[in-house]
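Single-structure report; data block below.
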Amino acid sequence: MIILGIETSCDETAAAVVQDGTNILSNVVASSVGMHVKTGGIIPENAARQQIKSIIPVINNALVDSLQSTVDRSLKVIDLIDAVAVTIGPGLIGSLLVGVETAKTLSYLWKKPIIPVNHLIAHIYANFLTTDSLIKQSSVNSNQLPKFPILALVVSGGHTDLVRMKEHGKIEWLGGTRDDAAGEAFDKCARLLGLPYPGGPAISREAEKHLSHLQVISYKSLKLFPRPLSGNNSFDFSFSGLKTSVYNYLKSQKSKVDRLKLSAEIQEAIIDSLVIKSTSAIKKFKPKSFVLAGGVASNIRLREKLDRVVGNMKFCEFHVAPTPLCTDNAAPVASCAFFNYHPIDWKEISANPQLTIAEGNL
Ligand code: AMP
Ligand code: ZN
């Protein structure tokens, strides 16, 4: 089965064509991040306006690319595509509406089934995708699909969730952030340090510079900021205190701060919180695979630390997708729709900015 996926939840306009949930035939992303760098963050109306400009060219390019990857070059789009999948939430309402209404129009015109997809669950499905070129970029378990039961940590700009998946469609939410998301913490702390948007990659670059200056990398010495809720039994996270601690620290400094070292401190505080909770959830639930997903999964230090920690536990494999599949794109949307194939009448589909990650919310 070949599915056209459409993703417009935030500032990326994306379309992808995926065969049988795993094989990427095309994957096109247009990002308006350059515009948001100028405003130091996303202004929802600007993002939505960019979505409107990009949606048709992006879908068109994804369809043309996918036709070129087929053996029969005389195929028409209408013969190639079996179904349309679209992100319905969570996200920015103006951005979501562009993708949802376009997908409904295509489904109606082509007379093809349409599958609504939860953006957060789609992030997990980045780990079910394969393409030869992407496999070469990834070091961790890229040649095998995750095995059930799966434990997944979804870390994005707006969400931080730990979930258990017994099989496709059987999701149990274990915990999540009580305030800011991990990506949001990176973005807000970066702003305090005067680093550009998006803050995650910026902090990560500064931290890498600091660590590469040291002769012996001493992560253990990076203890300036707190790891909230780390001693508590829940699988919840809290990141808003970190932003306050960084603010107070900056205010208390009389001389110029070492921005590289501070970036390493912030990165380590966020990553430690994520790793501590993930480790206790793995010990408790003993999954066969631990899956890291969402934009923050691009962070090299987080990938390395979880790879080591999960690897030490022997019974569990660590999975993380190549970076271009961790950040927002439409291939995981098509994959999620294939493995959770529940088409509904296009008239029943609407955008839901507040959608959460829970069973029944696929
Ligand atoms: P998403 O909402 O899934 O698109 O993810 C976007 C979030 O991921 C933003 O908050 C970014 O700052 C964050 N992010 C992207 N790359 C990195 C990175 N290398 N390290 C930490 N955070 C990152
Ligand atoms: Zn996302």
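A few comments on the model shown:
- Partners of K288 within straight-line reach, counting lysines whose Cα lies under 27 Å from its Cα and excluding those fewer than 8 residues away in the same chain: K136, K147, K166, K170, K277, K305, K314.
- Relative contact order of the chain, pairs being alpha-carbon contacts under 8 Å that are 6 or more residues apart, as %: 27 percent
- Taking the protein heavy atoms of the stretch 182-233 in the context of the full set of protein chains, the accessible area attributed to carbon and sulfur is 54 percent at 1.4 Å.
- Put simply, when 200-206, 292-298, 179-185 are sorted by average Cβ atoms within 10 angstrom per residue, most first, you get 292-298, 179-185, 200-206.
- Accessible surface ranking that places the most exposed of L229, L63 first, with a 1.4 angstrom probe: L229, L63
- Shape analysis of the stretch 222-318 based on the Cα gyration tensor places the equivalent ellipsoid semi-axes at 29, 15, 10 Å, largest first.
- Pairwise centroid distance, computed over Cα atoms, of the stretch 282-310 with the stretch 191-238, Å: 16 Å
- Fraction of beta bridges assigned by DSSP in the chain that are antiparallel (%, nearest 5): 55 percent
- Within the accessible surface of the stretch 239-362, defined with a 1.4 Å probe on protein heavy atoms only, the carbon and sulfur portion equals 54 percent.
- Mean Cα-pair separation over length for the stretch 238-362, i.e. relative contact order, pairs under 8 Å, 6 or more apart, %: 19 percent
- Per residue, the solvent-accessible area of the stretch 213-327 (1.4 Å probe, heavy atoms of protein chains only, all protein chains present) comes to 48 Å².
- Residues F239, F338 ordered from highest to lowest accessible area at a 1.4 Å probe: F338, F239.
- Relative to the longest principal axis of the Cα atoms of the chain, helix 182-192 runs at roughly 60 degrees.
- Using the Cβ-Cβ distance between N232 and D72 with R0 set to 51 Å, the FRET efficiency works out to roughly 0.30.
- C336 contributes about 0 Å² of solvent-accessible surface, heavy atoms of the protein only, 1.4 Å probe.
- Within the accessible area of the stretch 1-70 (1.4 Å probe), percent carbon and sulfur: 56 percent
- Pairs of Cα atoms nearer than 8 Å and 6+ residues apart set the relative contact order; for the stretch 4-151 it is 26 percent.
- Spherically averaged projected area of the stretch 1-155 from its Cα convex hull (nm²): 10.1 nm²
- Principal-axis tilt of helix 199-213 within the chain, Cα atoms, nearest 10 degrees: 50 degrees
The values are calculated or read from the model by the stated rules, or taken from the named source; none is laboratory data. This structure is a prediction, so every number in the text was calculated from the model and none was measured. When we count neighbours, we look across all protein chains shown, and the Cβ atoms used for this are built from the backbone with ideal geometry, even at glycine. Only protein heavy atoms, including side chains, enter the accessible area calculation; ligands, DNA and RNA are left aside. Shrake-Rupley method; radii C 1.70, N 1.55, O 1.52, S 1.80 Å.
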